[in-house]
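Below you'll find the structure, written out as structure tokens, and then a few comments.
The values are calculated or read from the model by the stated rules, or taken from the named source; none is laboratory data. Remember, it's a predicted structure, so these values are computed and weren't measured experimentally. Cβ sites come from the backbone with ideal geometry, for glycine too, and all protein chains shown count toward neighbours.
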Amino acid sequence: MKKTLLNLFAGVLIAGTASAQCTFDSQYSSAPGNFFPDSATFIAEQYATTGMAYAGTVSIRTISDTLVENPVTPGSYITAYIDAFKIESVTGQPAGFTYQGGGGGWDGTQWNNGGSGTNTTPVEGCLSFSASASDVTAAAPLTGYTDYPVAVLVDARISGTDPNISFLVPNGTWISSLSSLGLGSLPVDDYVLRVYGTTGISETLNPNVFQVHQSYPNPAGNEATITFTNPRVEEVELKIFNMLGAVVYNETVVSEAGVNDIKLNTGRMSAGLYVYTVSNGTKTFTQKMTVK
């Protein structure tokens with residue numbers, strides 16, 4: 001199904017520049033092209049906390065084509081085939097909060113769809129986000145939380161058009177260069193990065209929903225704790241992956257109704273960045289943790 005670029009990128013997220021890799025969350029593999037999770041879920045699940053390093057992930061399913069107004073005959077539309085996407089600029093995030101692309105199609109600068117010309121296929125990419133404990137603390141209030149609205153400009157590269165207007169819009173053109181035709185980079189300002197101070201984080205612990213919180217301490221030394229809430233008694237599975245995508249730890253626990261803690265012996269793990277998932281079989285949460 002074709003989607004307009006404006007609709008697609010209504011879910012794009014915050015950015016900056018970092019070295020951490022990321023992994024696409026497979027629970028979104030059958031979803032239409034977009035950014036996941038949505039902004040409300042991101043705020044609730046991937047907030048930053050003073051005194052703790054921050055790591056977050058957004059999964060991206062690209063689109064292969066979109067509808068744009070025909071600059072030759074205004075009022076009609078053409079199909080524009082897309083072979084690449086990139087984030088052009090980001091403003092509003094706290095100092096020290098950075099991002100890095102990754103996942104399928106990522107070449108270090110942009111996400112490249114499969115195929116070429118008018119026969120492109122979507123890829124499953126991701127954005128990873130990070131900030132040091134000191135940068136998070138500098139951005140946090142003494143109590144409660146501060147919300148940082150983040151504005152993003154997204155660019156897309158046209159690989160073909162139907163009907164063919166390559167005489168006007170050559171294949172390989174980025175939409176940011178088409179301002180004379182009424183097109184351009186897409187501004188997105190739906191997302192907010194929430195940073196908690198020394199108190200207020202307990203307000204996010206809602207025992208009436210299944211929700212997973214950032215492990216602590218982060219970075220971890222010999223032990224880390226993963227806290228999650230669940231309104232039901234049921235089996236919950238924890239998986240920890242290294243940055244190559246290999247499972248290094250797998251545990252199934254029976255959760256209690258309310259707040260639950262999983263204690264991890266991180267002293268046995270090699271230093272580095274890990275991705276962990278917590279799933280109740282219906283919903284899966286993905287977070288990152290650092291072992292020092």
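Residues considered: Val136, Val169. Of these, the only one that is under 30 Å from Asp83 (Cβ atoms) and of a type in the set (Val, Ile, Thr) is Val169.
For the stretch 78-121, a residue qualifies if it is modelled with pLDDT of 90 or more and among the hydroxyl-bearing types (Ser, Thr, Tyr), and the qualifying residues are Thr79, Tyr81, Thr98, Thr109, Ser116, Thr118, Thr120, Thr121.
The sole residue among Thr143, Thr109, Thr120 that is surrounded by fewer than 19 Cβ atoms within 10 Å (Cβ to Cβ) and under 24 Å from Ser177 (Cβ atoms) is Thr109. In the set (1) in contact with a Lys or Arg (Cβ under 8 Å, 6 or more places away or on another chain); (2) crowded, with 18+ Cβ neighbours inside 10 Å; (3) modelled with pLDDT of 90 or more, the condition left unmet by Ser128 is number (3). Within the stretch 39-79, being touching a helix residue (DSSP H, G or I) at 6+ places or on another chain (Cβ under 6 Å) and in a loop (DSSP other than H, G, I, E, B) holds for Thr50, Gly51, Met52, Ala53, Ile63, Pro71. If the condition is being β-branched (Val, Ile, Thr) and modelled with pLDDT under 85, then the stretch 17-49 contributes Thr17, Thr41, Ile43. Contact map, the stretch 135-158: first residue over 23 Å from Pro187 (Cα atoms) and in contact (Cβ under 8 Å) with a residue 40 or more places away in the chain, second residue among the charged types (D, E, K, R) and surrounded by fewer than 20 Cβ atoms within 10 Å (Cβ to Cβ), Cβ cut-off under 8 Å, separation 6 or more or different chains; pairs are Tyr145/Arg194. Does Ala271 qualify as being farther than 21 Å from Ala48 by Cα, touching a residue at least 40 places away in the same chain (Cβ under 8 Å) and among the aliphatic types (A, V, I, L, M)? Answer is no for this residue.
Of these, Ser166, Ser185, which one is in contact (Cβ under 8 Å) with a residue 60 or more places away in the chain and either assigned by TED's automatic domain parsing to the domain that holds Tyr77 or in contact with an Asp or Glu (Cβ under 8 Å, 6 or more places away or on another chain) (or both)? Walk me through it before giving the result.
Values: Ser166 fails: in contact (Cβ under 8 Å) with a residue 60 or more places away in the chain.
Of the residues listed, the single one that is in contact (Cβ under 8 Å) with a residue 60 or more places away in the chain and either assigned by TED's automatic domain parsing to the domain that holds Tyr77 or in contact with an Asp or Glu (Cβ under 8 Å, 6 or more places away or on another chain) (or both) is Ser185.
For the stretch 248-292, residues that are within 21 Å of the chain's Cα centre (by Cα) and either charged (D, E, K, R) or surrounded by fewer than 16 Cβ atoms within 10 Å (Cβ to Cβ) (or both) total 4.
Residue count for the stretch 31-55 under the criterion of being surrounded by fewer than 20 Cβ atoms within 10 Å (Cβ to Cβ), over 12 Å from the mean Cα position of the chain (by Cα) and either closer than 22 Å to Phe241 by Cα or aliphatic (A, V, I, L, M) (or both): the result is 3.
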